[in-house]
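What follows is a short report on a single structure.
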Amino acid sequence: MRRVMVIDMKRCVGCEACVVACKTENRVPDGAYRDWVVQETKGELPTLELLIRSQRCNHCTNAPCVTNCPTGASFFHVDGTVQIDRDRCTGCRACMASCPYDARYVHPDGFVDKCTLCVHRLAKGKPTACEEVCPTSAILTGDLDDPTSLVHLRLKRGDVSVVDPEAGTKPNVFYVG
Amino acid sequence: MPLSRRRFLSLGAGTLATAVAAKLAFSRSAAAAHPTIDPGTDGHAVSTVCEVCFWKCGVEAHVVGDRLIKIRGNPRHPLSNGKLCPRGVGAVGLAYDPDRLVKPLLRVGPRGSEEFKAVSWDEALSYIANKLEDLRKKYGPESVALFNHGSGASWFKHLLSAYGTANFGAPSFAQCRGPRDVAFELTFGSDPGSPEILDIGHSDCLVLIGSHLGENMHNTQVQDFADAVARGADLIVVDPRFSTAASKAKTWLPIRPGTDTALLLAWIHVIVTEQRYQRAYVEKYTSGFDELAKAIVEYTPEWAAAETGLDAEVIRATARRIAGAAPASLVHPGRHASWYGADDTHRSRAIAILNALLGSWGHRGGFFRPSGMKLAKVPTPAYPKAKPPADRREGEAPFALEPLAQGLRRATLDGQPYPIKGWFVYGTNLIQALPQREETLKAIQALELLVVVDVLPAEIAGYADVVLPEAAYLERFDDLVPIAWHKSGVALRQPVIPPPGEAKPGWWIARELGQRLGLGAYFPWTDVEGYLKERCKLSGIDYATLARDGVVLAPDKPTVVEDGLALTFATESGKIELYSEKLAKAGFSPLPKYERPDGVPAGYFRLLYGRAPAHTFGRTTNNRLLGELAHNDRVWINAKVAKDLGLADGATVRLVNQDGIKSAPVQIKATERIRGDCVYMVHGWGHTAKGLRYAKGRGADDAELVSRVKVDPVMGGTGMRVNFVTLQKEA
């Protein structure tokens, strides 16, 4: 199994419902975020382009956070997602320094925290909180190893990108559209 | 050095091949030893109806222990489909806002001093009831006006109707959707409603005139919009600003502000002269086509190009595209339409006529026609006959559908046609909701009674004689909420958590006041749930199902012609009135006319305003859960213009309008995404109320700068995009 997320930038309007849903789903403390929205304008009036992207931990296949964690707290879950074992985490921030996406923060309780791809929900057959709430249905999670899954079929159609591919981390959050 | 979380990260192309080929570099045995965390936020889910905006989505509120933890869309509710916008999701921040009103307050300082003493409910209600008796004796019950927003106002409308006044002025009419509703009533015999009956999800062509869907986050409408975009529908966006919607469009028309009617008339010109309209539909359902065809001849694309700053050939080409998709071609009627005054009903009429020519009214992908659900009333005594509202003079704004809020303000100031001495203000911050603030403040000082019922101490509360703390929508029952959508039905708002402190639901407040005023017969129930059960029983709705599911749906009925809907029009002629005899008889142009907006004075910019996804006017800006989101409290200005003014992105300025009114300091967003002749702000920032400890001092207040309006003579709307500002750099 290889859990991935596919985000359709054409559908997304950048409303940040995903951000607020994640915060309330995962009890993310004030001032911290597990996901966020980036908007970038390209071009000059009147030939413009606006890119809107809901971002989060990329659950990289080559995850520097896992490699660089001295205590083994950052680990790959059986579904391929990157998770943090709070009991093993000392809050040393080696993972944060190595993450090219700035996806992690230190929880006030002393451990490092980030997007879990709502592993607790996926395990129950529910979508992630951000996918569930998204008014534009821009977010899709699924098993890339399953050739019948929507994420597999969508990625096969091409026009796919990832954030900072040059970092060599092989993200599992994909952007389409 | 830590990387910025919000910095832009470049995207590179990847392919499935590389994605699939990547081998997972983890050890399954190691993974098994690690636990994963369940945050435990599912709890017990209660179905209710959102009230953060007026869309009224069904939600499920999850309670763990006695605490509201999260809010999600109700999958059974046709306006949510299980989805929800950031404001609805973020309403946990409203429930636990530390600045909530929690005790009845009686004013002790001068009006506006925000000086109060906390009193008991009995003292507060007795004070109001005595004053109302006093006003009734001195001036008659019509001397009391209600300004309201939101569904909870129904209890106070009921109370004050029983008391004997009809002066109910919602700023949502004359300061918002009024011109649109009047124009559509005149043309089709009914208006686009709320939520708007637009089948965007099936439109093959969608035209947005200044509507910034996606920033204007009406849940179902945005769901449909995303579907239309994903399907590759032809999207044409007319906006001086490169809105989020414009970024999804096949064609963005960066129009000169205030010239939209010229563009619409030129589109009609092309569609009529090239005979691209839906001939059978027009022949069967419309009247006045010949008059329209004659009048439209002069409005060539070349003429419109000079007015709008757009290219004549682009105008022609877009008209052909719009017509080519008919009848699944929708020119969005917009919502906030009080823009330029004289022009507003005409502009909305031009939109209505265009839709008629496209045959979109009643067709899939156009305007659908919901059947609604018939709800019985719990019988109460008839209301006493009230004097006609005081908002208009003889012959003024003859087509207004509701009392004009600014008209009630004027009557408060000059006592004509009769005195207004008491204001009830429910759920609307009149200080920001009405233009020409000086008038509002003068009127407030002339009152003998000002009662504010609300959940947060916005500016208006600071002027009240009595502030009544209301339970937020998550803490109260309200009356049944009808659903008129593709599927019609009814929804229930019910309490999820108890209110904070001594806050009380609106139904309780209205009923208590009614009893003190000798109007107890109008509230023939002791608790509201008894009333709701009775109403459900009379309407044939199973209350237990409604309480459990949050919604009960009516049997499906056709909502479009394709499914068997028969089209009827509630106009005098029974037809779609392209040419309006009614307007002609009242002395107005029976066909839409373009009025060129005043030019922008040298050194000034036209002040435009709009919405951001996480905010509903000013009422969400104190919500800490939403306030942290994207920086949308900045003033947008064209990047090159900003550079010429020596202003870098993020520089702090004050806006000074044509009358010398100066805003609070505010940062600029220097961007290519707006024309150089205007600036743009999100409405609802710049609070000054000291009780809004989070929102106070954030951003600037656009409404404060709207010291001038142009009034629509047809229906009394206050056009507000007629103000100009300069930028003064702050040291």
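The values are calculated or read from the model by the stated rules, or taken from the named source; none is laboratory data. For clarity, every value in this text was computed on a predicted model and none was experimentally measured. Neighbour counts run over all protein chains shown; Cβ positions are idealised from the backbone, glycine included. All accessible areas refer to the heavy atoms of the entire protein, side chains included, with ligands and DNA or RNA removed. Shrake-Rupley method; radii C 1.70, N 1.55, O 1.52, S 1.80 Å.
Going through region B:664-690 one residue at a time, which ones are of a type outside the set (Val, Ile, Thr), closer than 21 Å to residue B:720 by Cα and not in a loop (DSSP other than H, G, I, E, B)?
Taking region B:664-690 first, the residues of a type outside the set (Val, Ile, Thr) are B:664-665, B:667, B:669-670, B:672-673, B:675-678, B:680-681, B:683-687, B:689-690.
Going one step further and asking which of them are closer than 21 Å to residue B:720 by Cα, we end up with B:664, B:675-678, B:680-681, B:683-687.
Scanning region B:664-690 gives B:678, B:680, B:681, B:687.
Can you tell me how many residues within region B:407-426 are crowded, with 24+ Cβ neighbours inside 10 Å and assigned to a loop (DSSP other than H, G, I, E, B)?
Final tally of qualifying residues: 1.
Are any of the residues in region B:632-644 buried (at least 17 other Cβ atoms within 10 Å of the Cβ), closer than 25 Å to residue B:712 by Cα and of a type in the set (Lys, Arg)? Steps first, answer last, please.
At the first step, the residues of region B:632-644 found to be buried (at least 17 other Cβ atoms within 10 Å of the Cβ) are B:632-639, B:641-642.
Keeping just the survivors that are closer than 25 Å to residue B:712 by Cα gives none.
Scanning region B:632-644 turns up no residue that is buried (at least 17 other Cβ atoms within 10 Å of the Cβ), closer than 25 Å to residue B:712 by Cα and of a type in the set (Lys, Arg).
For region B:242-259, what are the residues that are open to solvent by 10 Å² or more (accessible area, probe 1.4 Å) and either of a type in the set (Lys, Arg) or more than 9 Å from chain A (Cβ to nearest Cβ) (or both)?
Selection gives B:248, B:249, B:250, B:251, B:256.
Is it fair to say residue B:594 is more than 27 Å from residue B:149 (Cα to Cα), in the same structural domain as residue B:202 (by TED's automatic domain parsing) and either β-branched (Val, Ile, Thr) or surrounded by 18 or more Cβ atoms within 10 Å (Cβ to Cβ) (or both)?
no
If you go through region B:601-623 one residue at a time, do you hit one that is open to solvent by 30 Å² or more (accessible area, probe 1.4 Å), small (Gly, Ala, Ser), assigned to a loop (DSSP other than H, G, I, E, B) and closer than 30 Å to residue A:22 by Cβ?
Looking for residues that are open to solvent by 30 Å² or more (accessible area, probe 1.4 Å), small (Gly, Ala, Ser), assigned to a loop (DSSP other than H, G, I, E, B) and closer than 30 Å to residue A:22 by Cβ, one finds none in region B:601-623, hence no.
Please work out which residue is nearest to the other protein chains (Cβ to nearest Cβ), limiting yourself to region A:4-39 and to residues that are open to solvent by 40 Å² or more (accessible area, probe 1.4 Å) and over 22 Å from residue B:45 (Cβ atoms).
As a first pass, look at region A:4-39 and keep what is open to solvent by 40 Å² or more (accessible area, probe 1.4 Å): A:10-11, A:27, A:30-31, A:39.
Now restrict to residues that are over 22 Å from residue B:45 (Cβ atoms): A:10-11, A:30-31, A:39.
Details: A:10: 6, A:11: 4, A:30: 7, A:31: 7, A:39: 8 Å.
Among those residues, the one meeting the criterion is A:11.
Taking residue B:235 and the conditions (1) part of a helix (DSSP H, G or I); (2) within 14 Å of chain A (Cβ to nearest Cβ), which numbered condition does it fall short on, given that it satisfies the others?
The single condition residue B:235 does not satisfy is (1).
What are the residues in region B:58-71 that are open to solvent by less than 10 Å² (accessible area, probe 1.4 Å) and in a loop (DSSP other than H, G, I, E, B), if any? Walk me through how you get there before you give the answer.
Taking region B:58-71 and keeping what is open to solvent by less than 10 Å² (accessible area, probe 1.4 Å), we get B:58-59, B:61, B:68, B:70-71.
Passing the criteria: none in range.
Anything in region A:87-106 that is more than 16 Å from residue B:35 (Cβ to Cβ) and assigned to a loop (DSSP other than H, G, I, E, B)? List them, or say none. Reasoning before the result, please.
Going through region A:87-106, the residues more than 16 Å from residue B:35 (Cβ to Cβ) turn out to be A:90-106.
Answer for region A:87-106, where residues must be more than 16 Å from residue B:35 (Cβ to Cβ) and assigned to a loop (DSSP other than H, G, I, E, B): A:90, A:91, A:92, A:93, A:99, A:100, A:101, A:102, A:103, A:104.
Inspect all residues belonging to region A:113-120 and state whether any of them is within 11 Å of another protein chain (Cβ to nearest Cβ), under 16 Å from the mean Cα position of the chain (by Cα) and free of Cβ contacts under 8 Å to residues at least 12 places away in the same chain.
Yes - at least one qualifying residue is present in region A:113-120.
With respect to residue B:112, determine if the residue is within 30 Å of residue B:220 (Cα to Cα) and not aliphatic (A, V, I, L, M). Spell out how you get there, then give the answer.
On the way: within 30 Å of residue B:220 (Cα to Cα): no; not aliphatic (A, V, I, L, M): yes.
Taking the combined requirement at face value, the residue does not satisfy it.
So for region B:215-228 (the condition being assigned by TED's automatic domain parsing to the domain that holds residue B:576 and either assigned to a strand (DSSP E or B) or at pLDDT below 95 (or both)), does at least one residue qualify?
The first filter runs over region B:215-228 and keeps only residues assigned by TED's automatic domain parsing to the domain that holds residue B:576, leaving B:215-228.
Still in the running and either assigned to a strand (DSSP E or B) or at pLDDT below 95 (or both): B:216.
The answer is yes, given that some residue of region B:215-228 is assigned by TED's automatic domain parsing to the domain that holds residue B:576 and either assigned to a strand (DSSP E or B) or at pLDDT below 95 (or both).
Can you work out which of the residues in region B:72-94 that are within 11 Å of chain A (Cβ to nearest Cβ) and farther than 21 Å from residue B:215 by Cβ is most open to solvent (accessible area, probe 1.4 Å)?
Here the residue is B:75.
Which members of region B:370-394 meet the condition of being within 22 Å of residue B:184 (Cα to Cα) and open to solvent by less than 70 Å² (accessible area, probe 1.4 Å)? Please lay out each step first, then the result.
Going through region B:370-394, the residues within 22 Å of residue B:184 (Cα to Cα) turn out to be B:370-372, B:392.
Correct list: B:370, B:371, B:372.
Could you check region B:120-211 for helices (runs of 4 or more DSSP H) lying wholly inside it with 1 or more residues that are closer than 24 Å to residue B:715 by Cα and either open to solvent by 10 Å² or more (accessible area, probe 1.4 Å) or not basic (Lys, Arg) (or both)?
Values: elements: B:121-139, B:154-163, B:178-188.
Filter on region B:120-211 gives B:154-163, B:178-188.
With a cut-off of at least 3 residues that are facing chain B (nearest Cβ under 9 Å), name the strands (runs of 3 or more DSSP E) lying wholly within region A:41-86. Don't jump to the end; show me each part of the working.
Numbers: elements: A:47-56, A:74-76, A:82-84.
So the answer is A:47-56, A:82-84.
For region A:134-154, what are the residues that are over 17 Å from residue B:229 (Cα atoms), at the interface with another protein chain (Cβ under 9 Å from one of its Cβ atoms) and open to solvent by 50 Å² or more (accessible area, probe 1.4 Å)?
A:145
Within region B:238-249, work out how many residues are closer than 22 Å to residue B:684 by Cβ and part of a loop (DSSP other than H, G, I, E, B).
Counting residues in region B:238-249 that are closer than 22 Å to residue B:684 by Cβ and part of a loop (DSSP other than H, G, I, E, B) gives 4.
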